[in-house]
């Protein structure tokens, strides 16, 4: 899959920052098989390149089997080398032009834009495939230095056709306002992988809530 398909609001799952891929593979398969998931991002920290490569080798086939877009965080070079569907970059990572040069025109490049309309517009003008706004809620997964506002999502969805992703502390309980504000994707980490009944049940619950909020 070489594009983020247009649809109603969908899940965009992100891996925990530390995983054992041989164990996590089963959790990922359960999550992707439990309901609609538009994309999965591999975001692991503190490991060498060979570990990233081995992790992709194990997890990418799981996403491919479910038709789920597989995005690598931060590393456009490895995304291209390993056959990922695309890369996600932050404001402190490789710039858009560098990322696009690495992955080519067919793969996805998504850009974190915090709560900045300006950064999002620049990313869109450069050719990004989606923009991400956040953090909307407190999160333990990543140090968030920006509080995003619903008005940013509302403005973007009204003015732009480029998909937007809402990130930061999102749960099934707090996500309805984001859906109603126009988020195309909800980026979720802990609320899925740490769900007391397992990731499959979490994906089921999210899809039920998203459908209700979209109605």
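The values are calculated or read from the model by the stated rules, or taken from the named source; none is laboratory data. Predicted, not measured: the structure shown is a model, and the values here were computed from it. Please note: Cβ atoms are built from the backbone with ideal geometry, for glycine as well, and neighbour counts cover all protein chains shown.
Before moving on, here are some points about what is shown:
- Matching residues, segment 34-54, being in a loop (DSSP other than H, G, I, E, B) and under 17 Å from the mean Cα position of the chain (by Cα): 35, 36, 37, 38, 43, 44, 45
- Test: residue in segment 102-122 that is in contact with a helix residue (DSSP H, G or I) (Cβ under 9 Å, 6 or more places away or on another chain), in a loop (DSSP other than H, G, I, E, B) and surrounded by fewer than 16 Cβ atoms within 10 Å (Cβ to Cβ): yes
- Hits in segment 62-71 - residues which are assigned to a helix (DSSP H, G or I) and surrounded by 13 or more Cβ atoms within 10 Å (Cβ to Cβ): 62, 63, 64, 66
- From 180, 201, residue being touching a helix residue (DSSP H, G or I) at 6+ places or on another chain (Cβ under 7 Å) and either surrounded by fewer than 20 Cβ atoms within 10 Å (Cβ to Cβ) or not in a helix (DSSP H, G or I) (or both): 180
- Residue satisfying all of: in segment 90-101; outside any helix (DSSP H, G or I) and surrounded by fewer than 16 Cβ atoms within 10 Å (Cβ to Cβ); modelled with the lowest pLDDT among these: 92
- Residues in segment 2-14 that are buried (at least 16 other Cβ atoms within 10 Å of the Cβ) and either in a strand (DSSP E or B) or at pLDDT below 95 (or both): 4, 10, 11, 12, 13, 14.
- Scope segment 185-198; condition outside any loop (DSSP other than H, G, I, E, B), out of contact with any strand residue (DSSP E or B) (no Cβ under 8 Å at 6 or more places or on another chain) and surrounded by 18 or more Cβ atoms within 10 Å (Cβ to Cβ); matching residues: 191, 193
- Test: residue in segment 146-160 that is crowded, with 23+ Cβ neighbours inside 10 Å, touching a helix residue (DSSP H, G or I) at 6+ places or on another chain (Cβ under 8 Å) and touching a residue at least 40 places away in the same chain (Cβ under 8 Å): no
- Output for segment 106-124, where each listed residue is in contact (Cβ under 8 Å) with a residue 40 or more places away in the chain and under 20 Å from residue 150 (Cβ atoms): 112, 120
- Scanning segment 72-89 for residues being touching a helix residue (DSSP H, G or I) at 6+ places or on another chain (Cβ under 8 Å), in contact (Cβ under 8 Å) with a residue 24 or more places away in the chain and part of a strand (DSSP E or B) gives a total of 2.
- Of all residues in segment 15-45 being out of contact with any helix residue (DSSP H, G or I) (no Cβ under 9 Å at 6 or more places or on another chain) and closer than 21 Å to residue 168 by Cα, the one that is modelled with the lowest pLDDT: 45
- Within segment 123-155, the set of residues being under 20 Å from residue 174 (Cβ atoms) and assigned to a helix (DSSP H, G or I) comprises 150, 151, 152, 153, 154.
- Selection over segment 123-145 of residues that are surrounded by fewer than 17 Cβ atoms within 10 Å (Cβ to Cβ) and under 18 Å from residue 101 (Cα atoms) gives a count of 3.
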